[in-house]
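Everything on this sheet refers to the single structure shown next.
The values are calculated or read from the model by the stated rules, or taken from the named source; none is laboratory data. This is a predicted model, so every value here is computed, not measured. Neighbour counts run over all protein chains shown; Cβ positions are idealised from the backbone, glycine included.
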């Protein structure tokens, strides 16, 4: 354990996986299923995190555009879709590029409430800096939200469990593309020791009806007017 990462054992740390516009907004290049419900629960978990002063470790996908020749069509560097959903960002934060380095500032999780780590792969543990931080940080519980259940969230949960961390997955605050594969992924996580809970278990119930971020018809409701852009101003 390297002391400069985090000196004291924390009760909980929120792991926020890929809460980016391309994954969670109706106009995104790789939007998940049922994004309205998942976004509402993510917003609730984020409010709970702020209220309890819980530290957040966020991972974000970023891929080079390669002058239009990228192998992926989502989360391209410099695009709106690569940006995080605004209510998943804290003001006291620090970001790290996906550059193959393992360097981290002294006592980083004492100085910042949110650490954002960019990655160029599905499995976060394939990025050296992410692997170092998540392997060395100490907490009683790592709470996971984000996308996708059968992709990066599964890889995150299994990687943490392999490193003998206690993992809780908020199942209605993680998005998916394929329900059958997602169900299999959740069973695999549970079999390895992850606790599966719903948002209300940790953050209580919410009366939130509009998520205030996506302009698609489903998110705006019956009277909503969808726009061509990613975000509304409400």
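Among the residues here, residue 180 does not qualify as without any contact (Cβ under 8 Å) to a residue 40 or more places away in the chain, part of a loop (DSSP other than H, G, I, E, B) and over 13 Å from the mean Cα position of the chain (by Cα). Number of residues in region 16-62 that are in a helix (DSSP H, G or I), surrounded by 19 or more Cβ atoms within 10 Å (Cβ to Cβ) and free of Cβ contacts under 8 Å to residues at least 40 places away in the same chain: the value is 1. Being under 22 Å from residue 178 (Cβ atoms) and at pLDDT below 95, is that true of even one residue in region 91-113? There is no residue in region 91-113 that is under 22 Å from residue 178 (Cβ atoms) and at pLDDT below 95. The combined condition, being farther than 28 Å from residue 28 by Cα, surrounded by fewer than 16 Cβ atoms within 10 Å (Cβ to Cβ) and touching a residue at least 12 places away in the same chain (Cβ under 8 Å), is not fulfilled by residue 93.
Put simply, of 113, 86 the only residue that is surrounded by fewer than 13 Cβ atoms within 10 Å (Cβ to Cβ) and out of contact with any helix residue (DSSP H, G or I) (no Cβ under 7 Å at 6 or more places or on another chain) is 86. Candidates are the residues of region 136-162 that are surrounded by 19 or more Cβ atoms within 10 Å (Cβ to Cβ) and at pLDDT below 95; the one that is nearest to residue 47 (Cα to Cα) is 139.
Quick one: would you say residue 203 is touching a helix residue (DSSP H, G or I) at 6+ places or on another chain (Cβ under 9 Å), modelled with pLDDT under 95, more than 23 Å from residue 131 (Cβ to Cβ) and crowded, with 16+ Cβ neighbours inside 10 Å? Answer is yes for this residue.
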